[in-house]
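Inspection log for the structure reproduced underneath, given as structure tokens.
The values are calculated or read from the model by the stated rules, or taken from the named source; none is laboratory data. Remember, it's a predicted structure, so these values are computed and weren't measured experimentally. Here the Cβ positions follow ideal geometry from the backbone for every residue, glycine too, while neighbour counts run over all protein chains shown. We work out accessible area using only protein heavy atoms, side chains counted, and drop any ligands, DNA or RNA first. Shrake-Rupley method; radii C 1.70, N 1.55, O 1.52, S 1.80 Å.
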Amino acid sequence: RKEVEQDPGPFNVPEGATVAFNCTYSNSASQSFFWYRQDCRKEPKLLMSVYSSGNEDGRFTAQLNRASQYISLLIRDSKLSDSATYLCVVNGVLYNTDKLIFGTGTRLQVFP
Amino acid sequence: SAVISQKPSRDICQRGTSLTIQCQVDSQVTMMFWYRQQPGQSLTLIATANQGSEATYESGFVIDKFPISRPNLTFSTLTVSNMSPEDSSIYLCSVEDLAGRQRNEQFFGPGTRLTVL
């Protein structure tokens with residue numbers, strides 16, 4: 001089983017739509033959770049950290065369900081500029097809690 | 001967050017040669033990391049660059065193939081040695097910003113796109 005699993009998509013949605021991505025992680029000892037955004041041929045950029053109580057940043061809402069080992073990202077009122085790959089990321093456990101483990105990403109395409 | 005630069009941004013190299021990639025940060029950071037992103041895949045950690053001591057390598061990566069230097073808190077290099085076409089990849093450095101709101105928040109350099117012929 002992969003350490004971090006995501007639906008690769010692509011998700012094709014019209015402008016203004018609401019879209020949700022899900023992610024599962026395998027190790028219950030993980031403590032840090034993130035969503036990164038990666039544009040084509042660019043480096044990943046931190047979109048938001050995911051807190052236990054859930055958190056919101058403008059049109060973006062992240063949720064964490066520790067019992068189910070599940071993370072979600074909701075994007076409201078999608079913009080063309082939201083088109084990118086969204087990477088679910090958790091921290092490593094055991095001997096290296098500083099490392100980040102990346103999912104393979106979910107591709108979003110927003111069309112006019 | 002810290003500003004991170006990498007050199008070169010891209011290179012095309014011949015099989016059997018070596019390439020050294022530089023990562024420069026505009027502020028002192030404790031943690032620096034090197035990742036690889038192969039075509040169509042996600043990022044994989046190669047090693048943690050430790051200042052003043054040997055890097056800590058992940059399973060599947062060895063010092064002879066990927067020697068790393070970290071002479072101070074703002075600079076690190078990764079060398080890809082004796083390259084083969086399978087080493088064609090994007091190589092990214094990242095730093096953990098202690099000013100981040102959550103532990104383990106990492107910020108990435110722009111990457112080095114390496115093609116080995």
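Would you mention how many residues in the stretch A:54-105 are part of a strand (DSSP E or B), more than 11 Å from chain B (Cβ to nearest Cβ) and in contact (Cβ under 8 Å) with a residue 12 or more places away in the chain? Looking only at that region, the number is 13. Residues in the stretch B:1-19: is at least one open to solvent by less than 40 Å² (accessible area, probe 1.4 Å), farther than 30 Å from A:Pro10 by Cα, touching a residue at least 40 places away in the same chain (Cβ under 8 Å) and out of contact with any strand residue (DSSP E or B) (no Cβ under 7 Å at 6 or more places or on another chain)? No, the stretch B:1-19 contains no residue that is open to solvent by less than 40 Å² (accessible area, probe 1.4 Å), farther than 30 Å from A:Pro10 by Cα, touching a residue at least 40 places away in the same chain (Cβ under 8 Å) and out of contact with any strand residue (DSSP E or B) (no Cβ under 7 Å at 6 or more places or on another chain).
Looking at B:Leu73, B:Leu114, just one residue is more than 14 Å from chain A (Cβ to nearest Cβ) and out of contact with any Leu (no Cβ under 6 Å at 6 or more places or on another chain), and that residue is B:Leu73.
Number of residues in the stretch A:1-21 that are more than 25 Å from B:Phe107 (Cβ to Cβ) and not in a loop (DSSP other than H, G, I, E, B) equals 6.
Looking only at residues in the stretch A:27-47 that are more than 10 Å from chain B (Cβ to nearest Cβ) and surrounded by fewer than 14 Cβ atoms within 10 Å (Cβ to Cβ), which one is nearest to A:Asn91 (Cα to Cα)? The extreme case among them is A:Ala29.
In the set B:Ser53, B:Ser89, only one residue is surrounded by fewer than 16 Cβ atoms within 10 Å (Cβ to Cβ) and of a type in the set (Gly, Ala, Ser); that residue is B:Ser53. The strands (runs of 3 or more DSSP E) found wholly in the stretch B:1-86 and carrying at least 2 residues that are in contact with a Phe, Trp or Tyr (Cβ under 9 Å, 6 or more places away or on another chain) and hydroxyl-bearing (Ser, Thr, Tyr) occupy B:43-49, B:75-80. State all residues of the stretch B:25-69 that are modelled with pLDDT under 95, among the charged types (D, E, K, R) and farther than 25 Å from A:Gln38 by Cα; if no residue qualifies, say none. If the condition is that a residue be modelled with pLDDT under 95, among the charged types (D, E, K, R) and farther than 25 Å from A:Gln38 by Cα, then B:Glu54 is the only one that fits. The residues in the stretch B:4-59 that are within 12 Å of B:Thr112 (Cβ to Cβ) and either in contact with a His (Cβ under 7 Å, 6 or more places away or on another chain) or among the polar types (S, T, N, Q) (or both) can be counted, and the count is 6.
For first residues located in the stretch A:25-42 and of a type in the set (Lys, Arg), partners that are surrounded by 14 or more Cβ atoms within 10 Å (Cβ to Cβ) and lie 6+ apart or on another chain with Cβ distances below 6 Å form the pairs A:Arg37/A:Lys45; A:Arg37/A:Leu47; A:Arg37/A:Ala84; A:Arg37/A:Tyr86.
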